[in-house]
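Some notes on the structure that comes next.
Coordinate-derived values only; no laboratory data. All of these numbers come straight from a predicted model, not from anything done at the bench. Cβ coordinates were reconstructed from backbone atoms using ideal geometry, including for glycine residues, and neighbour counts include every protein chain displayed.
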Amino acid sequence: MTADPLDAYMDAVAKALALPIDDAWRPAVRANLEVSLRLARLVDEFPLPDETEPASVFAA
């Protein structure tokens, strides 16, 4: 049986960061990650013309 890719990702990142995820928190971590990935997909799929330039940076 193949593990769910998102669960495998959570395990890999937790291991890489030496950040244990308690079993009780896994559903909440997964839900947050799903929302983050869904929002990232919206940004990634937003079409921009080739002429688009980054916004200016203002400092006070």
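Charging the Cβ of each Asp and Glu at -1 and of each Lys and Arg at +1, and nothing else, the dipole of the chain about its Cα centre rounds to 280 debye.
Of the peptides 12-23, 44-55, 28-39, how do they stack up when ordered by the mean number of other Cβ atoms within 10 Å, highest first?
On the way: 12-23: 9.7, 44-55: 5.9, 28-39: 11.6.
Result, highest mean Cβ count within 10 Å first: 28-39, 12-23, 44-55.
With Cα atoms as the point set, the radius of gyration and Dmax of the chain evaluate to 17.4, 56 Å. With the charge dipole of the chain set up from +1 on Lys and Arg Cβ and -1 on Asp and Glu Cβ about the Cα centre, the Cα lying farthest toward the positive end among the listed residues L17, L39, T52 is that of L17.
A simple rule links phi to the HN-Hα coupling: the Karplus curve 6.51 cos²θ - 1.76 cosθ + 1.60 with θ = phi - 60°, which for the stretch 21-35 gives 10, 5, 4, 5, 8, 4, x, 5, 5, 4, 4, 5, 5, 4, 5 Hz, with x for Gly and Pro. Neighbours of P27 by Cβ distance under 12 Å: Lys/Arg scored +1, Asp/Glu scored -1, total -2. Sites listed here are chymotrypsin sites (Phe, Trp or Tyr not before Pro) in the chain whose DSSP assignment is loop and whose Cβ has at most 12 other Cβ atoms within 10 Å: F58.
Could you compute the net charge surrounding A3? Neighbours are other residues with a C-beta less than 13 Å from the C-beta of A3; K and R count +1, D and E count -1. Computed value for this residue: -1. Enter the angle in degrees (range 0 to 90, nearest 10) between the Cα long axis of helix 5-16 and the first principal axis of the Cα atoms of the chain, meaning the one along which they spread out most. With both axes taken from Cα atoms, the answer is about 90 degrees.
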